[in-house]
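The values are calculated or read from the model by the stated rules, or taken from the named source; none is laboratory data. Quantities reported herein were computed from a predicted structural model and do not represent experimental measurements. Here the Cβ is made from the backbone with ideal geometry for all residues, glycine too, and neighbour counts use every protein chain on show. For accessibility, only protein heavy atoms count, side chains too; no ligands or nucleic acids. Shrake-Rupley method; radii C 1.70, N 1.55, O 1.52, S 1.80 Å.
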Amino acid sequence: MAAVFGSVTVTFILCVLGGHALDLMRATATLSSHPPTPTVHCWCASYPNLTLCSWPSESSHSPPSHYIATYRYHIILCLFQLWHCQLPSLKLLTDYIINVTAVYSAGSSSHLASFMLEDIVKPDPPVNIRVSPHNIRNLLVEWSPPPTWADLQIFPLKYQIRYQWENRGIPKSVNLGPFESTSVELKGLTPGRAYLFQVCAKELLGLGKCSNWSSPIKITIPRTKP
């Protein structure tokens, strides 16, 4: 269902969790004891083609019968799967507003979130992290870009490395980068010491945030030359 207000198109999408869908007009009622407001989080995992929004289901109340999502500026399609909404091909340099309403048997509760695509870019973590001895005190760290990032030629990524260790029971860590390549040699490490390595990815021009850190890889520097 879509409604046009002046030059703005608002698209309504209905998602049902069990039972029959309630009439949209009946969903405007409010509960006397306010139901939990859905917390909406949006991020762009493949700039600029794929934006995702999610809202966790609240467990402290009875689950809503369904959710209603509306968003502005000529969005055509929203796909739902387990309270995730996929917003394809959003425009750059545009303010967007998404309104998610949780509809209960006796009322509803809504949350508004606004964003620009450039601010919510967040790639998925790099994959296939490899760490190998390169000398008695050096390690070669290699990785692959996140497979969900659509076009590395037009929108390349840069990377940061974090490695951690313990020195006499005290945790230590170092962050290095950014690197535009997908490998780096780390020098001057301590033979016999165990290290944890992780990598994160960020859009090359610095848009948005770095990805979550990759799963840690543990390696102990050999005491003799490999």
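Between Lys91 and Thr182, what is the label-point separation in nm under the 7 Å Cα-to-beta-carbon projection?
Spacing of the two 7 Å Cα→Cβ label points: 3.4 nm.
In whole Hz, with x marking every Gly and Pro, tabulate ³J(HN,Hα) for segment 178-192 from phi via Karplus 6.51 cos²θ - 1.76 cosθ + 1.60, θ = phi - 60°.
Rounded to whole hertz, the list is x, 10, 8, 8, 10, 7, 7, 9, 9, 10, x, 7, 9, x, x.
Pop out the ³J(HN,Hα) list for segment 200-207 in order, Karplus 6.51 cos²θ - 1.76 cosθ + 1.60 with θ = phi - 60°, rounded to Hz; leave Gly and Pro as x.
10, 10, 9, 4, 4, 7, x, 5
For segment 127-221, what's the relative contact order in percent, using C-alpha pairs closer than 8 Å and at least 6 residues apart? Walk me through the intermediate numbers first.
Details: 189 pairs, mean separation 30.4, N = 95.
Once divided by the residue count of segment 127-221, the mean separation gives 32 percent.
With every protein chain left in place, what is the accessible area of Lys187 in Å² (1.4 Å probe, nearest 10)?
Looks like 150 Å² after rounding.
Taking θ = phi - 60°, what integer Hz values does the Karplus form 6.51 cos²θ - 1.76 cosθ + 1.60 yield along segment 134-149, in sequence order, with x for Gly and Pro?
Whole-Hz 3J(HN,Hα) from phi for segment 134-149: 10, 5, 5, 10, 10, 10, 9, 10, 10, 7, 10, x, x, x, 7, 6.
For a quick protection proxy, order the peptides 40-48, 212-220 by their average other-Cβ count within 10 Å, most packed first. Walk me through the intermediate numbers first.
Details: 40-48: 19.7, 212-220: 14.7.
Packing proxy ranking, top to bottom: 40-48, 212-220.
Could you calculate the FRET efficiency of Glu142 with Ala194 from 1/(1 + (r/R0)^6), where r is the beta carbon distance between them and R0 is 30 Å, rounded to 0.05?
Numbers: r = 19 Å, r/R0 = 0.64.
Using R0 = 30 Å, I get an efficiency of 0.95.
Of all the accessible heavy-atom surface of segment 119-226, with the other protein chains kept in place and a 1.4 Å probe, what percent is carbon and sulfur?
Working: 2960 of 6070 Å².
Answer for segment 119-226: carbon and sulfur cover 49 percent of the accessible area.
Per residue, how large is the accessible surface of segment 127-221? Use a 1.4 angstrom probe and give square angstrom. Mind showing how you got there, number by number?
Values: 5220 Å² over 95 residues.
Ligands and nucleic acids excluded, the figure is 55 Å² per residue.
Can you give me the distance in nm between label points at Arg223 and Leu112, each placed 7 Å from the Cα along the Cα-to-Cβ direction?
6.6 nm
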